[in-house]
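Quick notes on the structure that follows.
The values are calculated or read from the model by the stated rules, or taken from the named source; none is laboratory data. Just so it is clear, the model here is predicted, and its values are computed rather than measured. Cβ sites come from the backbone with ideal geometry, for glycine too, and all protein chains shown count toward neighbours. Ligands, DNA and RNA are excluded from the accessible area calculation, which covers all protein heavy atoms including side chains. Shrake-Rupley method; radii C 1.70, N 1.55, O 1.52, S 1.80 Å.
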Amino acid sequence: MSQSGRLFIVGLGPGSRETMTPQAQQAIAGADLVIGYGAYFVGLADLIGDKETIALPLTQEIERAEIAVEQAARGRTVCVISSGDPGVYGMASLVLETAARLSDDERPDLVVVPGVSAVNACASLLGAPLAHDFAVISLSDLLTPWEKIERRLVAAAEADFVIALYNPQSERRNWQYARAQAIFAAHRDDETPVGIVRSAFRPDQQIQLTTIAGMAEAPVDMLSTIIVGNSQTRRFADTLVTPRGYLDSPREKSPAP
Ligand code: SAH
């Protein structure tokens with residue numbers, strides 16, 4: 001056991017205070033030092049008070065993780081804040097990998113505090129599109145080769161998963177979203193429902209319902225999550241539902257094969 005401090009990697013949820021867990025709020029309130037991307041501090045002033053904070057830009061994830069581990073190893077209680085869930089394309093894996101370089105004696109206690117991920121937040125605003133098997137795929141090829149992303153898109157499309165897309169499009173990454181749409185169009189009916197949510201649970205939240213044919217024209221950016229239905233997904237009024245199957249199957253369980 002180390003005599004060093006504690007390091008919390010905290011998921012903030014999608015945006016509003018109501019969607020941040022009490023565990024996350026307690027971890028921030030109990031920290032000596034809070035580290036994160038600058039924009040994440042907006043709206044946390046009451047939890048942070050006069051604590052020390054370190055705000056680093058989006059590209060400096062490695063620096064954030066190193067400072068956090070080093071400060072916690074010196075005996076401080078440190079929080080690294082991450083949007084949504086910290087384990088979903090967030091800071092948790094990098095912080096744990098960084099801490100793994102220390103010896104058992106030096107390493108601070110590490111606690112990953114879960115958060116409501118964008119996929120859960122956006123699905124709730126759309127209705128119940130994730131009620132059956134689904135896949136989440138990030139279209140960012142900054143750290144993952146595009147060939148691998150494309151293989152996963154094709155595999156998920158062929159296997160009839162509902163598919164949620166994160167990091168769909170930025171100014172520099174501007175063709176990947178259209179490529180993903182073409183893959184869906186090749187495997188699914190054009191009229192398959194698609195939901196697009198931008199800035200879920202934030203003041204500028206936007207929800208758009210469209211189809212695989214229509215999604216190519218829909219404006220999306222790095223604040224958007226796209227949920228593409230499978231062959232079962234239906235639109236009821238302004239909600240998307242992927243039936244779990246209760247209403248079409250006999251009550252008796254089928255015998256095991
Ligand atoms: N750890 C985060 C995901 C980080 S990747 C989580 O669990 O939610 C960043 C991507 O998440 C964005 O490009 C976008 O696709 C999605 N995202 C994050 N917050 C969102 C929100 N409030 N509304 C819609 N999409 C969001």
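Quick notes on this structure:
- Surface accessible to a 1.4 Å probe, residue 148 within the full protein complex, Å²: 80 Å²
- Over the chain: helical MRE at 222 nm, DSSP H runs n ≥ 4 each giving -39500 (n - 2.57), nearest 500: -8000 deg cm²/dmol
- Gap separating the Cα centres of the range 89-167 and the range 180-194, nearest whole Å: 22 Å
- Karplus (6.51, -1.76, 1.60) ³J(HN,Hα), θ = phi - 60°, over the range 115-126, in Hz, Gly and Pro reported as x: x, 6, 6, 3, 5, 6, 4, 5, 4, 5, 6, 8
- Working note: Karplus 6.51/-1.76/1.60 with θ = phi - 60° gives the range 152-160 the couplings 5, 4, 5, 5, 5, 5, 5, 7, 6 Hz, where Gly and Pro are set to x.
- With N the number of residues in the range 51-127, Rg(Cα) / (2.2 N^0.38 Å) evaluates to 1.24.
- Kirkwood Rh in Å, taken over all unlike Cα pairs in the chain: 19.9 Å
- Within the chain: Cβ-based charge dipole about Cα centre, in debye rounded to nearest 20 (Lys, Arg +1; Asp, Glu -1): 300 debye
- Averaged over its residues, the range 33-138 has an accessible area of 46 Å² per residue, based on protein heavy atoms and a 1.4 Å probe.
- Portion, in percent, of the accessible area of the range 41-96 that falls on carbon or sulfur, probe 1.4 Å: 54 percent
- The mean sequence distance of close C-alpha pairs (under 8 Å, at least 6 residues apart), as a share of the length of the chain, puts its relative contact order at 20 percent.
- Heavy-atom surface of the range 192-233, accessible at 1.4 Å and reported per residue (Å²): 40 Å²
- Of 229, 135, 95, farthest towards positive along the dipole that unit charges on Lys, Arg, Asp, Glu beta carbons give the chain: 229
- By accessible area, using a 1.4 Å probe on protein heavy atoms only, the range 108-252 has 52% of its surface on carbon and sulfur.
- When nucleic acids and ligands are ignored and a 1.4 Å probe is applied, residue 16 ends up with an accessible area of around 20 Å².
- HN-Hα J in Hz across the range 176-190 - Karplus 6.51, -1.76, 1.60, θ = phi - 60°, x for Gly and Pro: 5, 5, 5, 5, 4, 4, 5, 5, 5, 4, 6, 10, 9, 4, 4
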